[in-house]
Structures are given as C-alpha cells and as structure tokens.
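First the structure, in the form of structure tokens, and then the observations on it.
The values are calculated or read from the model by the stated rules, or taken from the named source; none is laboratory data. Source: prediction; values computed, not measured. As a convention, Cβ positions derive from the backbone with ideal geometry for all residues, glycine included, and neighbour counts pool all protein chains shown.
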Amino acid sequence: MTQDTVALRTTALSCVYESGGAPIHALRSVDLTIAKGSFTAIMGPSGSGKTTLMHCAAGLQKPTSGSVRLADMDVTALDEKSLARLRRVALGFVFQSFNLLPALTVTENIELPLRLEGRRPDGAATERLIARVGLAERASHRPPQLSGGQQQRVAIARALIAQPAVVFADEPTGALDLRSAREVLVLLRELADAGQTIIMVTHDPAAAAYADEVLFLADGRVVDRLSDPTSRDVAVRMTTLLDQAESATQAKAAS
C-alpha cells in the first residue's frame, strides 16, 4: 500500500494506564494501516483496547508511545490546540449517543462544526448532504421530533459537513432498533463505497459484516483480521476470542 492510498497508519502504538500502582496495557505496540475509502470495523472482548485504539487514532487520547499518522501528518506530535482543530476540520465523529443540540434544527445541528470553526456554511451543500442521508423533508425539524435512526443520520451528516479524511464511529447502532440500525449501516456502507474512510468500533457481528475488513483485538493487540466478513464468520471468531479471554481470566484468578 503506497502512502497516497493510506488514510491512517499507527506504528508501535502503546497505551499504559496506572491502576492501584499496577500498569494496565490497553494497547501493546499496535501496527495498523487503514486504506483510503475503506470501511474498517474494530471488535474485541471488553477491555481488549478497541476504544483506546480508536481514541488514540482520532487524537482524542495521547498514547504512551508510538505514532499515529493521518495521511502525511504525525497526529501524536501535535499540541492540544492543533489536535482540537484537527478534530474539527479533518476528522468526523459519530457516537452511540447522538449528541445533538435539542434546540437546533437538523440543518443547524449539521452546520454547527463549521460555525464553531468560524466558517460560513454553504446552504446548497448542506441541502445536498441532508438529502444524501435521507432527511430532506426533516431539515427544519428538531431532534425531539425525530426517531433514533433519523437522529443518528443527522449525526452522520454533521460528521461529514467538513469533508473529513476519516469518520470514526463508536458503536453507532448501539442505541437503535434493528430497522434503524440497518438504515444507518447501509448509509455508512454507501459512504465508504463513495470514497469516505470509515473506522467503526462495534460489538455486533451483523454491524461488522457491513465493513470491508474486521480487526479483532485482544489484550491490547490486533490478533486477527477478516476481509469481506459475514456476520456468521465474525460471530465465530468473536466467540473464540471471548472463550480465550474467559479462560485467561480464570487462570489468572487461580494463580
């Protein structure tokens, strides 16, 4: 993979916490390359490091060592002010909780990142984006007037408004019913097919099956990866990881 085709790269990425005087290794020298225009899902047992990996990759958390590069930029070398601006202009975020402002309309929520950056939104571009996420008839509505799936689509549009290099999605379907979750996943798949790079943390094999590749983490390491995943294959591999994690926990307790 050439540098021109790489959206994000981590090298020897490690993150260590202190808990009760003992070190906890959330990430252990993770090397990872994400291609531009790809849809990558990250999965693993609780405590495997998947959320820490996403937060470090997105500049939300400083790693203990190693580096994160966004295209040709060393994210880990940036100060807090530069990181804050990077997150506003080059990265998009979608979370399980929609984090919409209830007093603002759909249009106003979507345009908020641009206004916070001091940029004047392009009304026509906003309208096209709202139509792209299937909310053209809801542009003047406020979040309490929308379903959960519609609110998440607003959040996705807000993440896209600044034309980010990468969109990070942390359990984006975790608070949705099955139908709404499918609508959101189909939208993310369509965005990736159109060239948007997406990195998604999920616990749901059905959600992971929409990705191009699934990365499996355990004990702070990438221990497996699956291309062109099916929900069944993802579920089988996750079951194996969960069994191994449980066995390791029991062995530690017995020692």
Result of the Cβ filter at 7 Å on the stretch 223-249, keeping first residues that are within 10 Å of Ala208 (Cα to Cα) and in contact (Cβ under 8 Å) with a residue 40 or more places away in the chain and partners that are of a type in the set (Val, Ile, Thr) and surrounded by 11 or more Cβ atoms within 10 Å (Cβ to Cβ), at least 6 apart or interchain, is Pro229/Val214; Val234/Val214
Note: among Gln96, Gln152, just one is touching a helix residue (DSSP H, G or I) at 6+ places or on another chain (Cβ under 7 Å), farther than 20 Å from Gly195 by Cβ and either surrounded by 15 or more Cβ atoms within 10 Å (Cβ to Cβ) or acidic (Asp, Glu) (or both), namely Gln152
Checklist entry - Restricting attention to the stretch 196-206, does a residue exist that is surrounded by 14 or more Cβ atoms within 10 Å (Cβ to Cβ) and of a type in the set (Asp, Glu)? => result yes
Checklist entry - touching a residue at least 60 places away in the same chain (Cβ under 8 Å) and more than 14 Å from the chain's Cα centre (by Cα) - does that describe any residue in the stretch 173-183? => result yes
- Task: Please tell me if Leu104 is closer than 25 Å to Ala192 by Cβ and either touching a residue at least 24 places away in the same chain (Cβ under 8 Å) or part of a strand (DSSP E or B) (or both).
- Result: no
Being over 22 Å from Met200 (Cα atoms), assigned to a loop (DSSP other than H, G, I, E, B) and free of Cβ contacts under 8 Å to residues at least 40 places away in the same chain narrows Arg120, Arg115 down to just Arg120
When the stretch 20-35 is checked residue by residue, the ones that are of a type in the set (A, V, I, L, M), closer than 18 Å to Ala248 by Cα and touching a residue at least 40 places away in the same chain (Cβ under 8 Å) are Ala26, Leu27
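So that you can scan it fast, the table gives a plain yes or no per residue for (1) in contact (Cβ under 8 Å) with a residue 60 or more places away in the chain; (2) closer than 20 Å to Asp224 by Cβ; (3) among the hydrophobic types (A, V, I, L, M, F, W, C); (4) outside the structural domain of Leu242 (by TED's automatic domain parsing):
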{"position": "Glu18", "(1), (2), (3), (4)": "no, no, no, no"}
{"position": "Gly37", "(1), (2), (3), (4)": "yes, no, no, no"}
{"position": "His55", "(1), (2), (3), (4)": "no, no, no, no"}
{"position": "Leu60", "(1), (2), (3), (4)": "no, no, yes, no"}
{"position": "Asp72", "(1), (2), (3), (4)": "yes, no, no, no"}
Check your understanding: Can you find even one residue in the stretch 82-101 that is part of a strand (DSSP E or B), hydroxyl-bearing (Ser, Thr, Tyr) and farther than 19 Å from Thr173 by Cβ?
Key -> no
Given the criteria among the charged types (D, E, K, R), surrounded by 17 or more Cβ atoms within 10 Å (Cβ to Cβ) and within 30 Å of Gly118 (Cα to Cα), does Arg69 qualify? yes
Just one listed residue, out of Ser247, Ser180, is loosely packed, with under 13 Cβ neighbours inside 10 Å, among the hydroxyl-bearing types (Ser, Thr, Tyr) and over 22 Å from Met54 (Cα atoms), and it is Ser247
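Per-residue answers, yes or no, for (1) surrounded by 23 or more Cβ atoms within 10 Å (Cβ to Cβ); (2) modelled with pLDDT under 95; (3) among the hydrophobic types (A, V, I, L, M, F, W, C); (4) under 19 Å from Thr197 (Cβ atoms):
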site	(1), (2), (3), (4)
Ser19	no, yes, no, no
Val30	yes, no, yes, yes
Gly37	no, no, no, yes
Ala41	yes, no, yes, yes
Pro45	no, yes, no, no
Gly49	yes, yes, no, no
Ser65	no, no, no, no
Ala77	no, yes, yes, no
Glu80	no, yes, no, no
